[in-house]
Amino acid sequence: MDRMKAYKIGLTTWDNWIDSNIDPIKIRVFCQGIPTVHFNGANWGEPKEENCKGQTKPLGGSTYPGDRYPGEPIIKSVLKTMKKPVHVLDITLLTQLRKYRHPSIYGTSGQQDCSHWCIAGVPDTWNLLLYTSLIS
């Protein structure tokens, strides 16, 4: 099965469960945005780079010049159809701009694991977004 098709099925199932089972007066639902990966240097203007290994600086600016994660439009379309409110803590752009944040190699494959290690500082930001949402 195509992974994006499976992703949409999973999110739609989650959407249906939230809409059928959550009372928004009693419970707030939060959804974390999608962290990115950095496996193609052409996405940040360095086509000779195979991945983010050895990167030492973040991308400048506030837009990501490369390909968007294919799951982004899927999660946005599912969220638009939901009847119950969901608070999205969107960290996608922040993780895209932080291609340099690999403190180590994760696992035994010797490859970078961007979904875990490129996000140094992002968990703090995510927590701040969550805290702000909770107290507002």
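The values are calculated or read from the model by the stated rules, or taken from the named source; none is laboratory data. As the structure is a computational prediction, the values presented were derived from the model and not from experiment. FYI the Cβ positions are ideal-geometry reconstructions off the backbone, even for glycines, and counts take in every protein chain you see. Protein only, heavy atoms only, side chains kept; ligands, DNA and RNA dropped before computing areas. Shrake-Rupley method; radii C 1.70, N 1.55, O 1.52, S 1.80 Å.
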Picked from the stretch 97-110 (must be of a type outside the set (Gly, Ala, Ser) and either in a helix (DSSP H, G or I) or modelled with pLDDT under 70 (or both)), the residue farthest from the chain's Cα centre (by Cα) is 108
If we keep only residues of the stretch 111-136 that are within 16 Å of residue 97 (Cα to Cα), β-branched (Val, Ile, Thr) and not in a loop (DSSP other than H, G, I, E, B), then the residue modelled with the highest pLDDT is 125
- Is it the case that some residue within the stretch 29-38 is modelled with pLDDT of 90 or more and not hydroxyl-bearing (Ser, Thr, Tyr)? yes
task: May I ask you to verify whether residue 34 is assigned to a helix (DSSP H, G or I) and closer than 21 Å to residue 75 by Cα?
output: no
Residue hits (the stretch 1-28; under 18 Å from residue 74 (Cα atoms), surrounded by 13 or more Cβ atoms within 10 Å (Cβ to Cβ) and of a type in the set (Val, Ile, Thr)) are 12, 18
Query raised in the report: Could we say that residue 41 is small (Gly, Ala, Ser) and either out of contact with any Lys or Arg (no Cβ under 7 Å at 6 or more places or on another chain) or open to solvent by 70 Å² or more (accessible area, probe 1.4 Å) (or both) here?
Result: no
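Counting only residues that are under 30 Å from residue 65 (Cβ atoms) and in contact with a strand residue (DSSP E or B) (Cβ under 8 Å, 6 or more places away or on another chain), which one in the stretch 29-38 is most open to solvent (accessible area, probe 1.4 Å)?
That would be 32.
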| task | Might you check whether a residue that is of a type outside the set (Ser, Thr, Tyr), under 20 Å from the mean Cα position of the chain (by Cα) and closer than 29 Å to residue 133 by Cα occurs anywhere in the stretch 41-52? | result | no
In the stretch 41-78, anything free of Cβ contacts under 8 Å to residues at least 40 places away in the same chain and aliphatic (A, V, I, L, M) is listed as 42
Of the listed residues (89, 94, 79), the one being modelled with pLDDT under 85, surrounded by 12 or more Cβ atoms within 10 Å (Cβ to Cβ), aliphatic (A, V, I, L, M) and within 24 Å of residue 20 (Cα to Cα) is 89
